[in-house]
Every structure is written in C-alpha cells, then in structure tokens.
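The values are calculated or read from the model by the stated rules, or taken from the named source; none is laboratory data. Keep in mind that this is a model prediction, so the values were computed, not measured. As a convention, Cβ positions derive from the backbone with ideal geometry for all residues, glycine included, and neighbour counts pool all protein chains shown.
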Amino acid sequence: MTFSTVKESIPLFFFLCFLDDQKAFHSAIRSQQAFEKIKKKYPEQDETISLIQAQAQGLQSFKDFFAQKTQKFSYDFGWMIPKELDLNAWRNFQKNTSMEEICVVIWTSIFGFSSQQVSEALGLSDGTVRYRLSRGLQKIGAGL
Amino acid sequence: MKIPWIKKGQTDLTAFQAEELLFDYIKKSLSLDRKKAVDQHLQNSADLKKSLARIQKAIAYTQDLNRIHVSTALIEQVQHESQSLISLSKKYLKQPEVQFWFWWGRALSVFLIFVGGLSFFPWEKLRSKGGNTSAVMVEMDRSKDSQFATAESLPAAADKPKVEAAAEREIASTKPAAPVGKPKETVNVAASKAPVEQGFLYRGELSTSEVDRISDGMVAKIVDLGGQKAGAVELGWKKTSRQAYFHFTIPQRSLVDLETYLKQEGLILRKEKHSKIMPAGTVRVILTVDEK
C-alpha cells in the first residue's frame, strides 16, 4: 500500500460508512491523527493493520454522533463518484446493516484487504470476519 | 462446546462453513481440497447456489464502488486539519502560561482532594478511642458542700490556726475553684456561651525592708479612704513575720487616691479578671507586703 492510497482510503472509508460529508470529514481527521500515532508507536507494524486500527478508532470517537443515521452528501464536497455508478444499493445496505458488517465489506471487498489482516487489526477471529463479510455481501446482493 | 472449524486437509464442510467460504471461492483463494468441498455443496444445495449468485453480484458491485475516489483538495484538507490540530495542541501545551495553569490546576486538585479527605475522615471515631474528652461545666455550691477544693480541704489546713485557715480560704476563694467533687448541676456548654457580666479584682505585691512601717501606713490610708476588710482577717494581717496581707473593699471613687498613695510606696496595682462580681461602685483589692 502506497502512502497516497492510505491518505485517500481514510476519507473514502468514512464516506462509504456514512454517506455524509461532515461525518466523513471529521472522522477522517480524527482517524488520520490516530494513524500517525499508531505508526509512531508501532513502526514495525504492517501499515494496512495500522490503517484499519486508525479507522476503527475514528469510528469509535464519534460513536454517538454516528448513531443518527442521517445521510447528507454532495458530489461537490470532493467525492469523485462515477456518473453511471448507482449508490442506491449501497445506501440501502448502509441503512439496514450494522456498522461491523459495513466496515468488513469495505475493508475486504472494496479495499481488498485480506480477512486475516482485518481480524489481526481488530483482534477478532478470522471466522468472525468471514461471517460478517458473507452476511454483508449477501445483503448487498439481495438488494441488487 | 467446541465448534469444529476447517482445518487444512479437511474436506468435510458443513453447509454453513461452505457459505462462509464463498467469498474466497469466488476470489479463487481456497486450497484445492476446500474448493472441492465447496463445489460438492454447491452441486447439492440450491440455497448455496443462490447465495453464490448474490455474493458474485455484490462483489461486482463493490468493485464498482472501488472506482470512487477522493479529490486531492479534500485529501489535503483532511491532512491539513489533522496536522494543524496536532501542532496546535502541541504549541498550546508548550506555552509557559498554559504550563503554569496546568501545574497549578493539578496542585489545586491535589489540595482539594486532600482537604476533602480530611473533612470526610472519621475523626470522631479516633477521638472516641482515646476516651471521652468532651468538656462538662459544673456549678458548685461552696457553702453547702465541703467536698469542693478549698483551702480547708487541704490536709495541712486542719493543723493551722483558725484565722490563718480563714485567710487561706479567702485566698482560695479569689481563684477560680476546681471541681473535684460531685457536680451539683451540669450546665449545657451552649448555654454557658451566653454573655456573662465580668468581675474584677485589684492585686499588688511589694517587697520592702520596712514591712511594719509601710504596713501601718497602708492600714491608716485604706481606712481613711473608706476601705473595709473583706475577709475574716484584719487589714495588714501578719501572715508570717515577714509578710503582711491586705484583703479589703474600697469605694470606686477612692481607688485613684489609693493608687497614688501606693505608687509613692513603690506598689503598682494591676486589674485582673475574676469570677466574683462586686456591687456597683465598690472594688476589691488584695495586697501583700513582703520583707526583702
């Protein structure tokens, strides 16, 4: 993973999590700080694992704020979304699914991280991550 | 209960386990054995086939979502905000004023915790372990109860002549009595705090080589000024051959003249607080003249 990908993946992760400009922006800032701290504390650690941990921390910091499932985003904010891409299926999935499953789908299926990296970063078993991924993908598929 | 999980080389998968492996099956990241096992389940299970189709569609969709990018401007803004927050907090904390208030705040917190701890500490329990030390005020009737500490209750007093004992009783009566016997009545401490009229006593001592001359002169002057003996003994009573004792009352108006006279002889009066209150316009005086 290159540094530019890390920088881009942080705001993108939160955009997909919330589909909300402000929530994504603020949590991306917090997550970016967390990422710098983790890198400083564990310089030997795999950068992908640090990134996942930082993003998880960013989510945790705004837990109550994010409980309100409001969605408000504009294309002008800085999200470069292909015109032909339909976000409705993702929107429905995001509204009706737990944050744990959304995160695992983003990390594994969209960003392409392995389930082992996710499980190591979050301190979960590989089976739990696979289960969440399977459920998440089936929900998305059912909505398509 | 131990849940069996897939081990390397194991081919007997449950349908549940096979479903969870569909993502890896599509990504072709399964071992040959596991791939075969999932294939077997797919041949026998229509539900699993549906799940596979759903997951395939979902993976294709998420691949499309991967095409979303974030503008450089937004990435830089996030970076900038993140860095400025960190640098601001670092810069702010390094300022001497902030440091000053930071440490004072800590010191104050420690102090408040300490004071709070002291105020909530069970001091009463500690006191009760050391015995009851609460003050009890008593009122004594000296005339009716001979058990109270006076000159006559002292062992040596019984052997002394009556006049001397009376004089010592008077001396003792001029001092606050210490209760040693049964208290007649206990008085509430709070009640004793009520304002009480204060009595006074004038005292004076003189050491001279002419005890007799000065003593005779003082007797004459006191009588001249309207003074009267206050106790059982006469004015200028020779307590010993080397000491004369004067205990008398005198009108308030004559006190200045008495003071002037005594000053000439080298004796200065001092006013002391006393529990006994004299009638208005009268003062009580105790003098001793000792031989050098």
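Within region B:54-77, the set of residues being among the small types (Gly, Ala, Ser) and facing another protein chain (nearest Cβ under 7 Å) comprises B:58, B:71, B:73. Of all the residues in region B:21-49, those that are at the interface with chain A (Cβ under 9 Å from one of its Cβ atoms), in a helix (DSSP H, G or I) and surrounded by fewer than 20 Cβ atoms within 10 Å (Cβ to Cβ) number 1. For region A:11-25, enumerate the residues that are within 9 Å of chain B (Cβ to nearest Cβ) and closer than 20 Å to residue B:80 by Cβ. Result: A:11, A:12, A:15, A:25. When restricted to residues that are outside any helix (DSSP H, G or I) and either at pLDDT 90 or above or buried (at least 24 other Cβ atoms within 10 Å of the Cβ) (or both), region A:11-33 contains 0.
Filtering A:8, A:36 for residues that are surrounded by fewer than 21 Cβ atoms within 10 Å (Cβ to Cβ), facing chain B (nearest Cβ under 9 Å), within 13 Å of the chain's Cα centre (by Cα) and at pLDDT 85 or above leaves a single hit, A:8.
If the condition is being within 8 Å of another protein chain (Cβ to nearest Cβ) and assigned to a helix (DSSP H, G or I), then region A:79-108 contributes A:89, A:90, A:105, A:108. Of note, residue A:76 satisfies the criterion of being assigned to a helix (DSSP H, G or I), within 11 Å of chain B (Cβ to nearest Cβ), surrounded by fewer than 17 Cβ atoms within 10 Å (Cβ to Cβ) and at pLDDT below 85. Counting residues in region B:209-216 that are among the charged types (D, E, K, R) and either touching a Pro at 6+ places or on another chain (Cβ under 7 Å) or farther than 15 Å from residue B:290 by Cα (or both) gives zero.
Checked against the criterion of being without any contact (Cβ under 8 Å) to a residue 60 or more places away in the chain and over 23 Å from residue A:61 (Cβ atoms), region A:97-105 has no qualifying residue.
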